[in-house]
Amino acid sequence: MAQSVYREIDTVAAVIDSSDIQGIARAAQARFERQRIRHFPLILGSVNDVCDERVGRFCSWYDEGDWYPRPESVQVEELREELLVLLDSIQVLLPGDGWLLGQRVWYLSEARRWEEALETARSCGTVEPWWCAALVGFSLHGLERYVEADRAFSIAIDRMDSGQSLRWRVPRWIMDDDGQNALKEAENLSSESLDTVLERLWLLADPLYLVEGNDRKTSHYARWTVATIREEAKNPYRISWGKDLDELTIRHGWELGWDRTSDTGFTTVEHVIGHKHPEGRDYMPPGKVLNTPSRAAPEDLRADVERPRSLYAPAYAPVFLPMEGQVALFPRGSRVVVVGTHFLPDDTTRHVDHDHPIPWLDPGAQDGMLDRAGIFLVPQDGARIKSAQRIGNVEGALSLEVPSGSYVLSAEMWSPSKRRAGRLRMGLESLPVPEDVASLSDILMLRPSSEEPEVLEASLPLALKRAEILTGQTFAIAWEVAGLGFRSETLLFEVSVSQINRGVLRQIGEFLRITKPPRPLRLSWEELGPQSPGPLFHYLNLDLPNLKAGKYEVRLVLKTVGRADAVSTRVFSVKER
């Protein structure tokens, strides 16, 4: 994401009374912003005709081609250091000046000197307590200490006046229309309703439950802090701060790099382009899932959406990819076992093929940290998150047994050293099943094994990471039946495999009876039911090496006398080798 002013800019330098101590600081800050522009990289041409979105005075666009953050010039570093020395000396004379404190913290953060920014924020003198707490939260967020940052921002919110607190807390700009309506409706009902919606919203927005704290939430408050810092300060765009810059900062964050470009005709007026993080994604949930997140489809909670309302890149994993693994539910009366596979998706982002450094993937302090995976279930009623986690396994499957109910599932994989993560997040609903009612689990696809597993737990190491095989590859399936064993009965199982995405010409030919539709592969057998209650596990090796590339469905039917048929299906893909 990049943005540039498309209206007339202000090129007039402010005249400030040098007898005013704060005026000296403001003049120095304005001079720094004015001087550093000439050190920005110069690119040719105009950008005002490629807007994906216009916000106030700004033209914004998503496709930045091959742009990536480059180290700033030594001259800018020296100019910033001179400014910081001056601001530090003036702060001694004006210990209660919140503007000065904010500028000092901001320019230290620009220099990536986050520890010094935190120390500065904590030595806040007689500055307003809420502002001190906000600057501390901003610095802690920059240090990736998200739990502490959340506590600091909570203190800041509590100490603000009610109007400002509401403006910071309710993220209207970063939500879609449904989300804005849900927030407005909750706000009109009661403060408790608003708190409930906000808690659910930020829980769904949290990029990885594997990482302690909620960095998407703290980034929101960090952005408000930056907008407040820069509101009464000069900026590289050479325009006064306004609502448009508030909105763009809250939605997409602050700039990580800058360019300058001349208007068509190469006039002397240069426009500045501000660049946001090249791996920004939209982690905010759509408003339609806020009331019943347990019904959210995987695509509802994907971060890589087109034309996002907001952008964010977690520092610990800027490359964040969909992990389309297997999820299978195994009902067991009033409880359910949830199985989810995990793996680290390949990096398919645009910059991986570009011949330039990728600084945001430098392992840094995360070098040597082991990969980790987890499966998480968030109860819709707001109870504590349930989880199963492992460290050091790149691929595999995890299971979690919980009471039947409504949840949000998050299957996650994170490689700290590669700063890359994968996630599958979706709603999940499982109703309790009466004891004497047969229930058929989902189908779990496995690698074939000469030693057939006899229980679900033993089959998990064989789980395919996704519902996909290669041409010529065989696979196995596993499932459970619960609710049996209360009486003697005979079970009839039917398994079939059929192709479901035949080409258009083939379908026309079948309709006109020129060609025959493919016959599904079928298998059926009878067996005696179990003698005592408990889950009945089954493993079946499907030797189907002649499947052509395409999309298929495994269909499993259980027939018993006096009961309705139980049916379970699994769609899978066959890919060319």
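Can you report the number of residues in the stretch 24-46 which are among the small types (Gly, Ala, Ser) and modelled with pLDDT under 95?
2
Is it true that some residue in the stretch 124-135 is out of contact with any Leu (no Cβ under 7 Å at 6 or more places or on another chain) and at pLDDT below 95?
Scanning the stretch 124-135 turns up at least one residue that is out of contact with any Leu (no Cβ under 7 Å at 6 or more places or on another chain) and at pLDDT below 95.
Do we find that residue 471 is out of contact with any Pro (no Cβ under 8 Å at 6 or more places or on another chain), of a type in the set (Val, Ile, Thr), at pLDDT 90 or above and loosely packed, with under 13 Cβ neighbours inside 10 Å in this structure?
no
With respect to residue 390, is the statement that it is in a loop (DSSP other than H, G, I, E, B) and not polar (S, T, N, Q) true?
No; evaluated as a whole, the condition is false for this residue.
Within the stretch 453-461, can one find any residue that is out of contact with any helix residue (DSSP H, G or I) (no Cβ under 9 Å at 6 or more places or on another chain), outside any strand (DSSP E or B) and closer than 30 Å to residue 316 by Cβ?
Here is the first cut: in the stretch 453-461, the residues out of contact with any helix residue (DSSP H, G or I) (no Cβ under 9 Å at 6 or more places or on another chain) are 454-461.
Checking which are outside any strand (DSSP E or B) leaves us with 454-461.
Within this subset, residues satisfying the condition of being closer than 30 Å to residue 316 by Cβ are 460-461.
The answer is yes; a qualifying residue exists.
Please go through the stretch 81-109 and give me each residue that is among the polar types (S, T, N, Q) and within 14 Å of residue 232 (Cβ to Cβ), ordered by number.
Scanning the stretch 81-109 gives a single hit, 103.
Scan the stretch 418-452 for residues that are surrounded by fewer than 18 Cβ atoms within 10 Å (Cβ to Cβ) and either in a loop (DSSP other than H, G, I, E, B) or at pLDDT below 95 (or both) and jot them down.
431, 432, 434, 435, 436, 437, 447, 448, 449, 450, 451, 452
Quick one: would you say residue 104 is at pLDDT 95 or above, closer than 19 Å to residue 230 by Cα and buried (at least 20 other Cβ atoms within 10 Å of the Cβ)?
Values: at pLDDT 95 or above: yes; closer than 19 Å to residue 230 by Cα: yes; buried (at least 20 other Cβ atoms within 10 Å of the Cβ): yes.
So residue 104 fits the description; yes.
Which of (1) under 19 Å from residue 55 (Cβ atoms); (2) in a loop (DSSP other than H, G, I, E, B); (3) charged (D, E, K, R) is the odd one out, the single condition residue 324 does not satisfy?
(1)
Which of (1) farther than 30 Å from residue 69 by Cβ; (2) among the polar types (S, T, N, Q); (3) modelled with pLDDT under 95 does residue 349 not meet, given it meets every other one?
For residue 349, the exception is condition (1).
Taking into account only those residues within the stretch 251-270 that are within 16 Å of residue 57 (Cβ to Cβ) and at pLDDT 95 or above, which is surrounded by the most Cβ atoms within 10 Å (Cβ to Cβ)?
252
Across the stretch 183-237, which residue is farthest from residue 407 (Cα to Cα) among those that are among the aliphatic types (A, V, I, L, M) and more than 21 Å from the chain's Cα centre (by Cα)? Explain how you work it out, then say what you get.
First, the residues of the stretch 183-237 that are among the aliphatic types (A, V, I, L, M): 183, 186, 189, 194, 197-198, 201, 203-205, 208, 210-211, 222, 226-227, 229, 233.
After this cut, where a residue has to be more than 21 Å from the chain's Cα centre (by Cα) as well, the list is 186, 189, 194, 226-227, 229, 233.
Numbers: 186: 22, 189: 25, 194: 21, 226: 35, 227: 36, 229: 40, 233: 46 Å.
Here the residue is 233.
From the list 187, 199, pick out the single residue that is surrounded by fewer than 18 Cβ atoms within 10 Å (Cβ to Cβ), assigned to a helix (DSSP H, G or I) and in contact with a Gly (Cβ under 9 Å, 6 or more places away or on another chain).
199
Output the residues belonging to the stretch 380-413 that are more than 21 Å from residue 201 (Cβ to Cβ) and of a type in the set (S, T, N, Q).
389, 393, 399, 404 - these are the residues of the stretch 380-413 that are more than 21 Å from residue 201 (Cβ to Cβ) and of a type in the set (S, T, N, Q).
The values are calculated or read from the model by the stated rules, or taken from the named source; none is laboratory data. This one's a predicted model, so the numbers in the text were calculated from it and none came from an experiment. Cβ: placed from backbone, ideal geometry, glycine included. Neighbour counts: every protein chain shown.
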